[in-house]
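Derivation of every value follows stated rules applied to the coordinates shown; laboratory data play no part. On a predicted model such as this, the values are computed, not experimentally measured, just so you know. Backbone-built Cβ (ideal geometry, glycine too); neighbour counts: all protein chains shown.
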Amino acid sequence: NDLQVGCCRLKQDLLILASSQMAAPGANVGRAAVDTVLAALDVGSGASKLLVCRALTEPHFRLVDVIHEEEAEILLQHDLESGGEGRLSDAIMTRTIDTLARFKRTAHELGAASLSGVATQVFRSASNGPNFLERVEQDLGIPVRLVTQEEEGKIGFATACVLADAPIDSKELVSWDSGGASFQLAWAGGDHVLKGPLGSSSLTAALVRLQGKDFVGRTSPNPASQSDISGLRSSIQATLEGAFDVGQARLALADARVVAIGGTPSAFNIASVATGNPCDSPRATIDRSSLASAIDRLLDHSDADLASVGYAELQPDMVL
């Protein structure tokens with residue numbers, strides 16, 4: 001299938017929901033007024049994001065005016081994978097705290113009365129993840145709710161509807177939300193969610209281990225051979241077949257309009273650079289043949305080689 005990509009835009013609906021609902025379960029998003037300034041955070045596995053905006057809730061949920069949007073790449077899942085102990089390091093947690101503190105200052109300067117957010121997969125996996133989110137609230141006064149992967153999929157679907165300017169319960173769309181540690185496919189108005197256990201950081205670590213190397217200390221898999229990629233593809237297939245009904249996913253995706261969402265380090269953004277389809281266009285697409293050609297073209301390249309052809313700011317070790 002062609003894949004419509006909205007990966008360079010923030011998970012706008014996720015962030016608005018974080019501010020008006022997720023951090024206060026039971027709140028009604030519909031209470032938000034047009035002139036209400038909402039600010040929220042998405043503390044993800046590969047990046048943390050801030051959105052400050054005004055929102056409209058009728059006829060369906062949408063943004064009226066984006067006042068400010070910002071993303072900071074913080075590869076938390078990379079840190080978790082390379083640490084070897086199932087914990088986030090002190091260094092990465094300090095960097096995240098400093099970034100969120102800066103986001104809070106920005107939000108308040110722009111008129112947001114409060115700031116809240118959601119956190120995703122890496123905080124579900126790291127043994128010290130929940131304690132870190134408690135620290136964020138204690139030290140910064142920012143409530144950050146750890147959402148389940150099911151919730152993440154449903155919110156991702158709502159995000160896809162916003163990006164596609166479709167009703168929030170659209171039956172015509174499939175959302176594909178991919179991050180650093182997991183992905184979600186959702187359809188049928190968000191009622192069906194397939195939860196994938198793989199992301200750009202976790203697959204980078206998997207490729208390094210398939211090569212017989214240790215990812216502790218963050219070893220790069222580059223240069224990677226065709227044999228390496230074939231092995232990774234087989235590993236991905238086996239993992240997915242064990243995680244959910246692949247046939248069900250194929251049925252959902254057949255002839256569907258698939259809207260992809262993710263941040264700068266997501267697979268979609270990396271693929272858009274590789275295929276020459278910049279995802280700052282709302283109608284950017286990625287097709288299977290151009291992706292296969294890009295993979296062949298980028299084999300046997302070092303990190304320095306990949307940095308020289310457009311990946312200097314997109315983590316060359318994650319490209320393949």
Legend entry - Tail fraction, Cα-Cα pairs, region 126-217, threshold 16 Å, whole percent: 65 percent
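With Cβ to Cβ distances under 11 Å as the rule, what net charge do the other residues near GLN226 carry (K, R +1; D, E -1)?
With Lys, Arg at +1 and Asp, Glu at -1, the net is -2.
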Inset, instruction - Kindly provide the trypsin sites (Lys or Arg not before Pro) of region 256-311 that DSSP labels as loop, not H, G, I, E or B, and whose Cβ sees at most 13 other Cβ atoms within 10 Å. - result: ARG283
Inset, instruction - Have a look at ALA206, VAL174, ALA188 and report the one farthest towards the positive end of the charge dipole of region 139-213, computed about the Cα centre with Cβ charges (Lys/Arg +1, Asp/Glu -1). - result: ALA206
Legend entry - By average C-beta atoms within 10 angstrom, highest first, the peptides 262-273, 76-87: 262-273, 76-87
Inset, instruction - Let me know the charge dipole size of region 188-299 about its Cα centre in debye, to the nearest 20, where only the beta-carbon of Lys, Arg (+1) and Asp, Glu (-1) is charged. - result: 180 debye
Inset, instruction - Within the set of other residues whose C-beta is less than 11 Å from the C-beta of GLY83, count the net charge using Lys and Arg as +1 and Asp and Glu as -1. - result: -2
Inset, instruction - Normalising by the residue count of region 65-171, find the relative contact order in percent from Cα pairs under 8 Å and 6+ residues apart. - result: 21 percent
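Applying 1/(1 + (r/R0)^6) with R0 = 30 Å to the Cβ-Cβ distance of VAL216 and VAL309, what FRET efficiency is obtained, to the nearest 0.05?
Rounded to the nearest 0.05, the efficiency is 0.60.
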Inset, instruction - Answer with one residue from VAL122, THR148, SER82: the one whose Cα lies farthest towards the positive end of the charge dipole of region 79-226, charges on Cβ with Lys, Arg +1 and Asp, Glu -1. - result: SER82
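Give the percent of DSSP beta bridges with both residues in region 109-207 that are antiparallel, rounded to the nearest 5.
Of all bridge pairs located within region 109-207, approximately 75 percent are antiparallel.
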Inset, instruction - Using packing as a proxy for protection, rank 213-220, 176-183 so that the peptide with the highest average count of other Cβ atoms within 10 Å comes first. - result: 176-183, 213-220
Inset, instruction - Sequence neighbours fewer than 8 away in the same chain don't count; with that in mind, list the lysines whose C-alpha is under 16 Å from LYS213. - result: none
